[in-house]
Each structure stands twice: as C-alpha cells, then as structure tokens.
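So the structure is just underneath, and the comments pick up after that.
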Amino acid sequence: MSKVVFKELTSSQVVLFPQNLSDRIPENHPVRLVDYVVDKLNIDPIINAYKGGGASSFHPRMMIKVLFYSYLSNIYSCRKIEKALQENIYFMWISGNCVPDFRTINYFRGRRLKGELQSLFAEVVRLLQELGYVSLDVQYIDGTKIESSANKYTFVWRGSVEKNKAKLEQKIASILKEIDQQTKQDQQETNKEQIHQPIDSSSLKSKLAELNAKLKESDETAAKQLAKLQQEHLPRLEKYEDQLETMGKRNSHSKTEPDATFMRMKEDHMMNGQLKPAYNTQISTENQFITHFTIHQTPGDTTTMIEHLKSFAQQYLKQSKKVVADSGYGSEENYEYLESAEVEAFVKYNYFHKEQKRSFKNNIFLVQNLFYNPIEDYYVCPMGQHMKNIGQGKRISENGYRSNVSYYQADNCNGCPLRGQCHKSSGNRRIEVNHRLNELKIRAKERLMSEQGLMHRSKRPIEPEAVFGQLKFNNKFNRFTLKGLTKVNIEFGLMAIAHNLRKIAVKTCLLAKLGFNSIIKGFNNYLPGYSSIDIHRNYLNYVSKKCYLTKMALFT
C-alpha cells in the first residue's frame, strides 16, 4: 500500500516573505477593471471637500473603488460591504487592506458623493465614448418605477387632506363666529370676513392672539373654546398645510419618505398592481450602456422627457442627434421641444400601432377617419352632414404647457340611422380636435415608417428594457435602500456605473490594463501609427466571440 502524503498547512506559521494579494487576483478579473477606471477619474472636487485636521481619513479614491466594485458584485448593504472587506480577497486588494466600518461607508456614500456622483458617471460614459462603445448621438429612452424604502401603508393623499382641511376650516370658522358673538362684535363684518377670507394657520394665529388679548376677563366658555383652537385645531391645520406643501403638484406622498410618490407597480408580489411609494426612473441607453439617468416623482413618462433631455445636454454640453422612445412620450409638448432642439425624433404616439390595423382604418365613425376640409374648416360625419367649428379651447398639461383645441358639432343628429353607432351623447355629436398635434403626429409617423425608423423601432425593445431587466431581475435591484430624492440619485447612479463597468468587462473579455498594453505593443510592431483606441475598437469583434463562453463563469 502506497504512503499517503498530505500537503502542509501553513495557516499558523510565520512566513519570511508575506504573500502579495495581487498575485492571487487574475489578470482578467473585473476588480482590476474597476481599479483602472477609478484611477482615471477626476475626484478633485471630492478631495477638496475634506476640511482636514483631526484623525486621518480613508482616501476617497479607495472608497469609490470599494463602492463601484460592491455594486458591480450586487452587494448594496454597507454592513455586507464591511464584511466583504474583511473576508473577500478582491475587496481586500482593491481597498489596500483598509477596513472602513459600515458607518464610514454609509457616510461617504450619502454625504461625500452628494452632488458629485453624476459627474463621475459622466466621466465613465465619456470613457465609453473614447473606446467606441457609445457615440452619444442617439438616446433610447424609457422609464421604470422602482419601489422606495418607505412602508407601503404610510400614504397621504391630496384628496383626503383637502377634504379634511376644508371641514376643519368650517369648524374653526364656526367657533370664531361664536366667540365673536359672545364678545358682541359686528356680526355683519364677521360674516363678510368668513366668506371672503380663507383661514390658514398664520391668520388663525394672529386671530387667536387678538382674541386672547380681548378675552382676558371674559367668561369661561370662550376661554375653553380658545384653548381648543390653540391646542387642537391649529396644529391640525398646520399639519394639513405642511402635507400639501410637501406634495407640491403631486397627488400623494409617503409619511416616512416624503419624496416618494405612490405609483402603480407592475412587479407586485400580489400581482394586482398595488399602489406603492416609488420613484420614476428614466434612462437613456446606447448599445445597452446607460448614457444618462434621471429620477422623477411623477408616475407618467410624458412629463419627464423634456427635463431628461435638458439634463443630458447640460451633462455632456451637447444634445444627441436622435431620440427613440415609445408611445408614453408622444405628446404635443414633447414633439415641439424636440423640433425646437433640432433632434430627429422617433417617438411613437397613442394609437400608432392600432391605426395600422384594418379594423381601425375601416371604422368610419372614428374622428381620425372623418373627412376634414381645411379651407372651410369643417368635418363631414358618416352621413354626410357638416360638423362646423363652434369654438376654441385650451388644455393645460401637468407641466403647464397650453394646447389649443377646436370644437366641432353637427347641426342635427335626430333621426339619423347611424346615431347609435356614431355617438352616445343625448344631443348632437361634438368632437374635439388638436390640429397642431395632428400635424406633429403625421411627421412623426413618416419618420417611424421610414427605413431608419423601422431600424430604431426594432432596437428600442432590446435597449432600455433589456437594461431594466438586467438591473431589476438579474441584479435583484427592485427597491431602493436609501431615503430621499438626493440619496436615491446616488444609489441609482452607482447601479448605472456598475452596469456599464460590467458590460465593459464582458465585452472586452475582462482584459486587464497590463494585458491590454501588451496587446497594443504587439499590434504596434505590425501596425505602426495606430492609436490604442483604434486597436481596441478593431480588437473588440474578435474578443466578443471569445468571451461569450466565459461570461457565465465569471459572475457566479
């Protein structure tokens, strides 16, 4: 029988030459990519924010590397990051064996990166542009709702607050009226003040101060009523006013996270589209890289596009030449802005796909299929009756944009054999038409049906939607962990940077900085005069074929 030989255990032995962690890190590991990218970033604004003095601080570049790599590794909790710094060899290497605790990590993420993460994200995107991954000439825009960290049963609704506030104001007005009667003030003047001057907390405070001065020696009933106004009704009125001020133009907010708005979620565990406190996250993508993102408090996508595009132009000092989006963004306001910005828009509108169907085209009762005479300004109903222009109107969007609409009405629909199919109103048929929007839709349809439009329409579903699927399902990021609009921007920015770095690592087969430099040297021997960026672009096609098989093994 052969002798069994076991390898020696050196865990308790002291070695003369300590092992270098870098020798244990593969050359093609993503942690080296993070280290290389962060070293290229300009973090002077973050460094200048340190006041100095006192104990030494962890270097912000190291902290940024740790956060980038933790989000790339799907680790979002500061406590788990601290644990990884103590146990994970890759975290030990990228942190230089520094072990900041979870409070330090959380403070750096929430305070030090405040207002600076967007610029770090933009620098990463510019690096992608230099390497040829993105051009920033086209934006595929889409949005998704991500649940906030607030409890879903902490809702405050505008309708309920306004209703309770109106009841409270009536109650306060009746008490003030009764007190004024007891103090024998002019009843007519009191009634006039009740009707024409609404009650708010500031006017109520001044009124209470005035009554307290007058009723120092008054009866006990009036004193009790004043005490009730001061201790019970005034705080409630102030609470309602604060809630309405917090909402702004929104219809709801959460008690524990006032910046969050209640939105209907698709990814609901009850599968019935429950309303939950959430944020509307808008992203722009190109080749499935995130090139821009914004966080909004309104559930609809229509009102977010202009702000998103303006933010993009401000971030990169240029606007993209083309914008591609689905029908949720097709509005008169958005079309007008895109034309004024000289952006070629491939943006759908409502009924774009439906109006291509035969059933839609053959429905003679639809407004879109009625004959219109632009010279004499009238529509012709299915029975041949002229529907004349009876007036103009205005529609105001949530952003305050004013649209002009025209009203057309038939003279007499009585006895019409098609009336039951044409309309269900009790009087004559009346329609509302936005001529400017119809013109913009015609131009949008021409672009969408062109060869270039068909290409962009086929790419749009696999651009931002694939990115959201990667973030929300593969990376399990379906709920924010930080509270407040500012910190939510930081958290999603880290997710976006990690997503881009992950795609760089996969697309380039996780080439390390030194390995790529050796490739450049080899290419320069045979192709002198080529830049490293040109070599990188030409090499990508070859690398992408080789790295596909290793993709699954690299992120297990």
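In sequence order, the range 92-105 has phi-based couplings of 4, 5, 6, 8, x, 6, 7, 10, x, 7, 5, 5, 5, 5 Hz under the Karplus curve 6.51 cos²θ - 1.76 cosθ + 1.60, θ = phi - 60°, and Gly or Pro positions carry x.
With the highest mean first, a sort of the peptides 401-409, 414-422, 278-286, 464-472 on other beta-carbon atoms found within 10 angstrom per residue produces 278-286, 464-472, 401-409, 414-422. For the range 364-435, relative contact order (Cα pairs under 8 Å, six or more residues apart, normalised by length) works out to 25 percent.
Return the FRET efficiency for the residue pair residue 365, residue 445: r is the Cβ-Cβ distance, R0 is 25 Å, and the value is rounded to the nearest 0.05. Walk me through the numbers before you get to the answer.
Working: r = 21 Å, r/R0 = 0.86.
For residue 365 and residue 445, the calculated efficiency is 0.70.
Taking amide H atoms as placed 1.01 Å from N in the peptide plane, the amide H of residue 95 has no partner under 5 Å among residues 5 or more positions away or on other chains. Distance between the 7 Å Cα→Cβ label points at residue 356 and residue 175: 6.4 nm. Measure up 165/239; 152/483; 348/441; 310/472 against 19 Å on the Cα-Cα distance and list the ones that go over. Check vs 19 Å cut-off fails for 310/472. Sequentially through the range 458-468, phi angles give Karplus couplings (6.51, -1.76, 1.60; θ = phi - 60°) of 6, 7, 4, x, 9, 9, x, 5, 5, 5, 4 Hz, Gly and Pro residues having no value and appearing as x.
No value in this document is a laboratory result; all are computed from the given coordinates. Computed from a predicted model, the values in this text were never measured in an experiment. Note: ideal-geometry Cβ built from the backbone for every residue, glycine included; neighbour counts use all protein chains shown.
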